[in-house]
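The values are calculated or read from the model by the stated rules, or taken from the named source; none is laboratory data. For clarity, every value in this text was computed on a predicted model and none was experimentally measured. A quick note on method: Cβ atoms are made from the backbone with ideal geometry, for glycine too, and the neighbour counts reach across all protein chains shown. With ligands, DNA and RNA removed, areas are computed over all heavy atoms of the protein, side chains included. Shrake-Rupley method; radii C 1.70, N 1.55, O 1.52, S 1.80 Å.
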Amino acid sequence: VIRYVRLVLVMVIGVLLQVAVFSRLHIDGAGPDIALVIALALAYRDGPTTGAIAGFAAGFGVDLFLRTPFGLSALAFTLTGYVIGLVQGSLVRVTWWSAPFLSLIGSLLANLLFVVVGTLAGDSGLWNSQTVAVVLIAAMYDTALAFVLFPLVGWANGSGGSMGRQRQWRRL
Amino acid sequence: VIARPSNRQRYVLALLLLTSITFITLDQRGAGHSAISPVRNAARDAVAPVDRWVGDELRPVTEWFRGIGRSGTLQSENTKLRQELADERGKLAAAQAVLDQNKILNELLHIPFVGSIKTIGAPVINTTPDNFSSTLILGVGSADGVQKDNPVVVPAGLVGRVDSVTAHTATVVLLDDADSSVGVRLVPAAALPSTTTTTTTTAGTSTSSSTTSTSTTTSTTPSSSSVVTTTAPILVTPPVYGVADGVPGSTTLTLRQVDVKTVVTVGELVVTSGQDLGRSPGDIPVGRIISIKREPGQLSSTIHVKPLVDFAHLQFVRVMLWIPSKLPS
């Protein structure tokens, strides 16, 4: 129970940081998705089910503060959390760059899904001449933050290092 | 090789995706408006105090971050500003006497083009936390009388319109957002009687004179410290109307529905027409035409308009408590 409380707290703080702090720290118009990176960290440690649930929670939290259709981030982050959870289970070797690399892939995937599904849902403003640049910068921003957030989430999750990751993966 | 997901994993994924799609569908169809809007409003209201506090505390850091990726532009801007500063300092002494009088007048008049419409001052507390829209969040809300569709202005001109309101915050869609479109009228320089147009440049303050009995519209641009006073033109030619749209991924606007036979020139002022189904009152300065592209064989030209307002550095704005139904006929 304490673990779940800690995870919920981490997610709430992540959403708050994203909404109140990092929305002001944009680089060339692109900001990071803190909540998404937290969800990716959980997917990386606990696999696809946790990844999908954490992605949904992160997206739901962020959606509260956006003008885009409600549920769009939730959809994009759920799928991303799931995919990253699946990919991490297939990693033969875990190196120091596995986590940031998966974070990069996850961020790219989540933002692209957000834009594509949003455009399909009728939000025509999402796809424009700046979209690719914004998605790339956001992904790099997320990757940089992954170096800090992944260990932090690991601590909150109560699972340590790659062994913890593999042990929990087998459990699922 | 990606591991094969188990049935439980697939089931959880499907459930979450279905929930998300249901939310999106409900939100898009407006059916969920009553259910989703209060939740969103409550969340924004809850975060507003934190937002405001963070905004005040982090201002130096956020200003520094805004500069990242713009260092080249900033350097040339810096040189230009230094030159301007030297010029302005000389004029400052002469302007000092005018300042006191100007201050009193400003307090009385607030923003000239607002006229008799009631306005409310509002701090800008944040932007929307996504990468794909151009919006501001203001520290005023429905409790202060702000309503959806209220126009938002600064002395330089129109900023945008209120898109949604909570009790203590309001989200403003800026002119350059993809969702923004505003009915405009072009003010050709030739249409302005020269005797009633005065441009005065002073150090940081603006004075304008106008010797006419007709109603006047004044726009001030603090960044360049210049004033353009235009008078409701004695039109020889019929007024030119159009619609200024925000362009996704760009800070300029494009004009559409401008009559193809109209002669448009770069530098013309664009003001609100007050005719776009009454979405905003008329004669609020919007921007200046910066380029006109005529493609051979095309019926219309692409006209780009640069907004008069610098959206990146807004700290305070005024919300015009004006809604279409209250439009004076």
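State whether the residues of the stretch B:150-168 include one that is touching a strand residue (DSSP E or B) at 6+ places or on another chain (Cβ under 7 Å), closer than 24 Å to A:Ala35 by Cβ and open to solvent by 10 Å² or more (accessible area, probe 1.4 Å). I'd like the intermediate steps shown before the answer.
At the first step, the residues of the stretch B:150-168 found to be touching a strand residue (DSSP E or B) at 6+ places or on another chain (Cβ under 7 Å) are B:150-164.
The next check asks that each one be closer than 24 Å to A:Ala35 by Cβ; those that pass are B:163-164.
This time we only want the ones that are open to solvent by 10 Å² or more (accessible area, probe 1.4 Å), so: B:163-164.
Taking every residue of the stretch B:150-168 in turn, at least one turns out to be touching a strand residue (DSSP E or B) at 6+ places or on another chain (Cβ under 7 Å), closer than 24 Å to A:Ala35 by Cβ and open to solvent by 10 Å² or more (accessible area, probe 1.4 Å).
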For the stretch A:134-159, pairs from a residue that is farther than 15 Å from A:Ile84 by Cβ and in a loop (DSSP other than H, G, I, E, B) to a residue that is open to solvent by less than 30 Å² (accessible area, probe 1.4 Å) and of a type outside the set (Ser, Thr, Tyr), with Cβ under 8 Å and 6 or more apart or across chains, are A:Ser159/A:Arg45; A:Ser159/A:Asp46; A:Ser159/A:Arg165; A:Ser159/A:Gln168
Is it the case that the stretch A:109-128 has a residue that's in contact with a helix residue (DSSP H, G or I) (Cβ under 9 Å, 6 or more places away or on another chain), farther than 30 Å from B:Asp245 by Cβ and open to solvent by less than 20 Å² (accessible area, probe 1.4 Å)? no
For the list (1) within 7 Å of chain B (Cβ to nearest Cβ); (2) open to solvent by less than 10 Å² (accessible area, probe 1.4 Å), I need the number of the one condition that A:Ala35 fails. (1)
Looking at (1) of a type in the set (Val, Ile, Thr); (2) open to solvent by 50 Å² or more (accessible area, probe 1.4 Å); (3) modelled with pLDDT under 90, can you tell me which one A:Ile53 breaks? (3)
Would you mind finding the one in A:Val94, A:Val12, A:Val21 that is in contact (Cβ under 8 Å) with a residue 24 or more places away in the chain, within 14 Å of chain B (Cβ to nearest Cβ) and either surrounded by fewer than 24 Cβ atoms within 10 Å (Cβ to Cβ) or within 13 Å of the chain's Cα centre (by Cα) (or both)? A:Val12
